[in-house]
Every structure is written in structure tokens, then in C-alpha cells.
Amino acid sequence: MSIKSELKRKALHLTGLLVPLVYVLFGQDVTLVFVGVSFAVFVALEPFRVIEEWRDSIKRRLGIYAPPEVMERIERLETHINDITREHERNRVAAHIYFATASFAVVYFFPKSVAIGSIALATLGDALAAIIGKTLGRHRFSNGKSVEGSLAYFLTGLAILTPLVGLPLALVGSLAGTIAEFYNLPPDDNFSNQLAVAIALYLASLLHG
């Protein structure tokens with residue numbers, strides 16, 4: 001994926017920061033409703049993203065009633081979506097569904113500070129790791145990741161988590177997230193990153209006392 005497409009993908013990915021923002025402003029219950037509704041919408045739309053025949057059928061029907069400029073905008077939107085979709089996602093579950101699933105679990109099961117920090121780090125850290133890695137990465141590992149990208153994720157983690165949970169726990173959470181991001185833990189890094197950080201923070205807080 002080109003750096004331009006990567007930037008567009010990460011810009012969309014950053015909308016995930018709405019989840020911790022809603023949590024801060026409105027609390028757990030509203031956040032669970034927000035994420036749950038988002039998940040339902042994503043799942044409802046997913047077949048139309050994956051199954052080209054369904055998508056073409058809808059466009060043909062819309063074309064009967066909608067003006068040409070509307071159809072042109074739909075075509076441009078479809079082009080942008082295809083441009084930022086990774087190859088492995090074209091016929092599989094998309095990243096935003098994994099993200100919403102993990103966000104719901106993290107908000108429901110973990111303390112507020114852990115949930116907010118985990119989701120914010122998984123969102124912003126992943127974006128910065130990809131952008132820094134692609135533009136400034138010079139020291140590459142065999143899986144294509146870079147020292148610079150991983151360092152960007154780790155430092156982002158420290159910046160986000162330290163005010164929420166303190167430096168000792170921030171070090172643990174940042175390291176856990178960096179490892180999860182580096183290895184792209186299954187089923188998808190948008191799922192595993194959040195849970196890795198949340199679980200690490202929670203267990204470390206129990207040990208830390």
C-alpha cells in the first residue's frame with residue numbers, strides 16, 4: 001500500500017478515538033451503546049463491501065432514481081474504500097469490525113482508565129507506527145516492521161498511558177502493545193492490540209498493588 005493510501009487509511013482509523021472521547025464525556029453505558037450500534041451498522045453493511053454483485057445491484061437500482069452527480073460521488077467513495085482496503089480484507093472481515101468488537105469488550109470488562117488508555121493507544125499508536133515506519137523506517141525486521149515504527153508506538157504509549165495509570169504501568173502497557181503491533185497477533189491487530197494493552201495493564205495493576 002502506498003504512503004498516500006496508508007495516510008488515508010490511518011486518517012479513517014483515527015475515528016476510533018471517538019470511543020475513548022465518548023467514554024470521557026458520557027461514561028460507560030453510553031459508550032457501550034455507541035460501540036454496539038456502530039458494530040451493528042458495520043456488520044449490516046459488510047456483505048455489500050465484500051460481495052460485489054450485491055453492491056452492483058444496489059448501484060443499478062439507485063441509478064434509476066438518483067441524479068448522475070450522486071452516482072459519481074458513490075463511485076468516488078467506492079474507489080477510496082477500495083484504495084485503503086488491505087488485500088487480506090477484501091474477502092474477509094474488515095478491520096473496523098474487529099476494532100468495534102475489542103472496544104466493546106475492553107469498555108465492558110476493564111476499569112475506565114485502562115479502557116480509555118488501551119483504545120487510545122491502539123488507535124493512535126498503530127497509526128503513528130505505520131506512518132513513521134513507512135516514511136522514516138530504515139532498520140527493518142524480516143516481517144517488514146521497523147525499529148522506528150515500533151519505537152513510535154512505544155513512545156506514544158508512554159505519552160498516553162502515563163497520565164492515566166502512572167509510569168510503571170505505562171511501561172508495561174506500552175511494551176505489550178508494541179509486541180502485539182509488531183507480531184500482528186491474530187485474529188487481527190485492530191482486535192489484539194487493544195486487548196493486549198488492557199490485559200497487561202490490568203494484570204500489572206494487580207501485581208503493583
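The values are calculated or read from the model by the stated rules, or taken from the named source; none is laboratory data. For clarity, every value in this text was computed on a predicted model and none was experimentally measured. Heads up, the Cβs are rebuilt from the backbone with ideal geometry, glycines too, and the neighbour counts pull from every protein chain shown.
When you scan segment 165-174, do you find a residue that is closer than 24 Å to ALA95 by Cβ and of a type outside the set (Phe, Trp, Tyr), even just one? Checked segment 165-174: at least one residue is closer than 24 Å to ALA95 by Cβ and of a type outside the set (Phe, Trp, Tyr). The C-beta contact set for segment 129-141 (first residue touching a residue at least 24 places away in the same chain (Cβ under 8 Å) and part of a helix (DSSP H, G or I), second residue surrounded by 12 or more Cβ atoms within 10 Å (Cβ to Cβ) and of a type in the set (Gly, Ala, Ser), distance under 7 angstrom, 6+ apart or interchain) comprises ALA129/GLY149; ALA129/SER150; ALA129/ALA152; ALA130/GLY149.
Taken over segment 1-20, residues that are loosely packed, with under 15 Cβ neighbours inside 10 Å and at pLDDT 90 or above amount to 1.
Within segment 189-209, the set of residues being of a type in the set (A, V, I, L, M, F, W, C) and buried (at least 23 other Cβ atoms within 10 Å of the Cβ) comprises PHE191, ALA196, VAL197, ALA198, LEU201. Of the numbered criteria (1) touching a Lys or Arg at 6+ places or on another chain (Cβ under 6 Å); (2) among the hydroxyl-bearing types (Ser, Thr, Tyr); (3) within 30 Å of GLU46 (Cβ to Cβ), the one SER146 fails is (3). Residue count for segment 162-188 under the criterion of being surrounded by 15 or more Cβ atoms within 10 Å (Cβ to Cβ) and outside any loop (DSSP other than H, G, I, E, B): the result is 17. With respect to PHE26, determine if the residue is modelled with pLDDT of 70 or more and among the aromatic types (Phe, Trp, Tyr). The answer is yes for PHE26. Taking the listed residues THR101, THR156, the one that is in a helix (DSSP H, G or I), among the hydroxyl-bearing types (Ser, Thr, Tyr) and more than 19 Å from TYR202 (Cβ to Cβ) is THR156, with no other qualifying.
Return the only residue of ALA115, ALA152, ALA159 being aliphatic (A, V, I, L, M), surrounded by fewer than 16 Cβ atoms within 10 Å (Cβ to Cβ) and modelled with pLDDT of 90 or more.
ALA159
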